[in-house]
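**Student:** Take this structure first; my questions come after.
The values are calculated or read from the model by the stated rules, or taken from the named source; none is laboratory data. Just so we're clear, the structure is a prediction, and the values are computed from it rather than from any experiment. With ideal geometry, Cβ positions are generated from the backbone for all residues, glycine too; neighbour counts draw on all protein chains shown.
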């Protein structure tokens with residue numbers, strides 16, 4: 001058994017303030033121009049992966065002289081500010097109709113590769129980045145412009161190592177549950193490691209408890225480094241649309257940067273990252289085998305893989321890689337004037353109308369689902385009360401029948417008569 005625990009209330013990184021300031025738009029100006037990221041939200045507390053990746057690259061670009069800011073979904077019906085040198089779209093549903101023609105457009109295909117490749121306006125983007133070579137080839141088949149492999153990465157200032165003597169031997173996972181069953185759930189329900197896996201999950205109350213798992217609520221993104229610094233292993237789960245193209249998770253890089261060994265369920269894409277020695281599981285038995293790795297072997301493997309991450313897969317390395325591409329795209333866009341095509345602007349308005357309609361539908365559906373859940377609870381309660389009433393009535397009727405049978409028996413009548421005689425004798 002381990003002598004150290006996974007913290008129940010992990011400490012939040014002091015870098016949270018800097019990340020929050022970027023999200024709030026405090027660093028939008030820079031000598032090289034402004035890069036804005038189209039993201040699902042500008043709120044770091046919402047737990048959205050696209051935002052954290054955008055903020056990681058934004059922080060590194062800021063160090064290289066760029067101004068950085070966010071362009072969250074609630075602003076996608078507005079004209080993008082004219083001072084935007086580059087717009088980096090993190091979401092496949094963003095339509096760039098309201099982006100000035102003079103702004104360079106970049107699409108970062110981190111996952112949902114097939115949806116990106118099917119966009120009819122893919123050529124509107126000056127540059128497309130993908131997270132793997134397989135994704136690059138899939139996207140390149142549908143566009144005439146350049147496609148560059150730019151995997152996601154980790155911020156080693158945030159996901160740093162700590163006191164190795166305080167690291168436990170335990171495994172953790174931070175796979176969230178958003179209503180769609182994850183492959184890891186089936187494995188974690190069956191796994192029986194030496195110590196339960198600590199599972200920090202959004203909507204943990206909706207997950208099925210299992211003997212091999214210790215369920216805990218999700219923690220802030222800025223508390224994850226403290227979790228990973230306390231863990232020996234971090235169990236990863238790659239969604240099917242990403243696994244198909246080998247576009248792997250931030251968790252892979254972040255856990256290694258913090259000194260923990262990831263164990264993933266997707267081998268595709270590891271070799272081109274130089275991380276082919278990361279353990280891979282496909283069922284409970286293979287996961288148990290990975291978690292049983294001797295401590296010395298694990299530490300040696302983590303050391304080698306962490307060196308690869310620090311050398312090749314930091315956001316600083318990504319900023320250095322894409323810097324010349326951004327400069328060239330800005331220069332090419334500088335000569336363009338006016339707006340995007342009327343058709344693209346119309347598609348943008350239509351897409352946002354559909355998004356708003358879908359949001360209203362989801363709110364309505366959530367309300368209906370909540371009412372249905374309450375009705376089911378009420379019906380179950382009523383059924384329970386009714387069953388209890390019927391049981392009590394049956395018991396009452398059985399007692400009445402037995403009482404009637406007893407009072408009619410010869411034994412009862414003889415005893416009852418003897419009792420009357422005795423009472424009369426006592427009164428005399």
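**Student:** With the structure loaded, tell me whether residue 282 is assigned to a helix (DSSP H, G or I) and either modelled with pLDDT of 95 or more or not assigned by TED's automatic domain parsing to the domain that holds residue 135 (or both) or whether it fails that test. Before the answer, list the steps.
**Tutor:** On the way: assigned to a helix (DSSP H, G or I): no; either modelled with pLDDT of 95 or more or not assigned by TED's automatic domain parsing to the domain that holds residue 135 (or both): yes.
Taking the combined requirement at face value, the residue does not satisfy it.
**Student:** Look at residue 8 and say whether it is surrounded by fewer than 15 Cβ atoms within 10 Å (Cβ to Cβ), at pLDDT below 95 and either part of a loop (DSSP other than H, G, I, E, B) or outside the structural domain of residue 128 (by TED's automatic domain parsing) (or both). Walk me through it before giving the result.
**Tutor:** Numbers: surrounded by fewer than 15 Cβ atoms within 10 Å (Cβ to Cβ): yes; at pLDDT below 95: yes; either part of a loop (DSSP other than H, G, I, E, B) or outside the structural domain of residue 128 (by TED's automatic domain parsing) (or both): yes.
The answer is yes for residue 8.
**Student:** Still on this structure, please answer the following. Within the stretch 198-217, track down each residue that is in contact with a helix residue (DSSP H, G or I) (Cβ under 6 Å, 6 or more places away or on another chain) and either part of a helix (DSSP H, G or I) or in contact (Cβ under 8 Å) with a residue 24 or more places away in the chain (or both).
**Tutor:** Listed by number, the list holds a single entry, 213.
**Student:** May I pose another question? Looking at this structure, is residue 290 closer than 25 Å to residue 182 by Cα, more than 24 Å from the chain's Cα centre (by Cα) and assigned to a helix (DSSP H, G or I)?
**Tutor:** Values: closer than 25 Å to residue 182 by Cα: yes; more than 24 Å from the chain's Cα centre (by Cα): no; assigned to a helix (DSSP H, G or I): yes.
Against the criterion (closer than 25 Å to residue 182 by Cα, more than 24 Å from the chain's Cα centre (by Cα) and assigned to a helix (DSSP H, G or I)), residue 290 does not qualify.
**Student:** Next question. Just checking, which of 248, 261 is crowded, with 23+ Cβ neighbours inside 10 Å, closer than 23 Å to residue 195 by Cβ and either out of contact with any helix residue (DSSP H, G or I) (no Cβ under 7 Å at 6 or more places or on another chain) or modelled with pLDDT of 95 or more (or both)? Explain how you work it out, then say what you get.
**Tutor:** On the way: 248 fails: closer than 23 Å to residue 195 by Cβ.
Criteria check complete, one pass: 261.
**Student:** Shifting gears a bit: Answer with yes or no whether residue 224 is in contact (Cβ under 8 Å) with a residue 40 or more places away in the chain and outside any loop (DSSP other than H, G, I, E, B).
**Tutor:** Numbers: in contact (Cβ under 8 Å) with a residue 40 or more places away in the chain: yes; outside any loop (DSSP other than H, G, I, E, B): yes.
Judged against the criteria, residue 224 is a match.
**Student:** Answer yes or no: is there a residue in the stretch 76-83 that is within 18 Å of residue 329 (Cα to Cα) and in contact with a strand residue (DSSP E or B) (Cβ under 7 Å, 6 or more places away or on another chain). Write out each step before concluding.
**Tutor:** First pass over the stretch 76-83, keeping only residues within 18 Å of residue 329 (Cα to Cα): 80-83.
This time we only want the ones that are in contact with a strand residue (DSSP E or B) (Cβ under 7 Å, 6 or more places away or on another chain), so: 80, 83.
Yes, some residue in the stretch 76-83 is within 18 Å of residue 329 (Cα to Cα) and in contact with a strand residue (DSSP E or B) (Cβ under 7 Å, 6 or more places away or on another chain).
**Student:** Residue check: is residue 29 closer than 26 Å to residue 119 by Cβ, modelled with pLDDT of 95 or more and assigned to a loop (DSSP other than H, G, I, E, B)? Reasoning before the result, please.
**Tutor:** On the way: closer than 26 Å to residue 119 by Cβ: no; modelled with pLDDT of 95 or more: yes; assigned to a loop (DSSP other than H, G, I, E, B): yes.
Answer is no for this residue.
**Student:** Under 6 Å by Cβ, and 6 or more places apart or on different chains, what pairs join a residue from the stretch 256-283 that is free of Cβ contacts under 8 Å to residues at least 12 places away in the same chain with one that is assigned to a loop (DSSP other than H, G, I, E, B) and buried (at least 21 other Cβ atoms within 10 Å of the Cβ)?
**Tutor:** Once the first residue is free of Cβ contacts under 8 Å to residues at least 12 places away in the same chain and sits in the stretch 256-283, no partner that is assigned to a loop (DSSP other than H, G, I, E, B) and buried (at least 21 other Cβ atoms within 10 Å of the Cβ) comes close enough.
**Student:** If you don't mind, another one. Give 322, 309 a once-over and let me know the one that is assigned to a helix (DSSP H, G or I) and in contact with a helix residue (DSSP H, G or I) (Cβ under 7 Å, 6 or more places away or on another chain). Can you show your working first?
**Tutor:** Details: 322 fails: in contact with a helix residue (DSSP H, G or I) (Cβ under 7 Å, 6 or more places away or on another chain).
Exactly one residue qualifies, and that residue is 309.
**Student:** Out of 327, 307, I need the residue that is free of Cβ contacts under 8 Å to residues at least 24 places away in the same chain and surrounded by fewer than 17 Cβ atoms within 10 Å (Cβ to Cβ). Which one?
**Tutor:** 307
**Student:** Among the strands (runs of 3 or more DSSP E) lying completely within the stretch 53-168, list those that include at least 2 residues that are in contact (Cβ under 8 Å) with a residue 12 or more places away in the chain and under 30 Å from residue 10 (Cα atoms). Break it down into steps so the answer makes sense when it comes.
**Tutor:** Numbers: elements: 67-72, 84-89, 104-109, 127-130, 147-149.
Those strands (runs of 3 or more DSSP E) span 67-72.
**Student:** Quick one: is residue 350 surrounded by 10 or more Cβ atoms within 10 Å (Cβ to Cβ), modelled with pLDDT of 90 or more and closer than 25 Å to residue 120 by Cβ? Can you show your working first?
**Tutor:** Working: surrounded by 10 or more Cβ atoms within 10 Å (Cβ to Cβ): yes; modelled with pLDDT of 90 or more: yes; closer than 25 Å to residue 120 by Cβ: yes.
Here the answer is yes, as residue 350 does meet what is asked.
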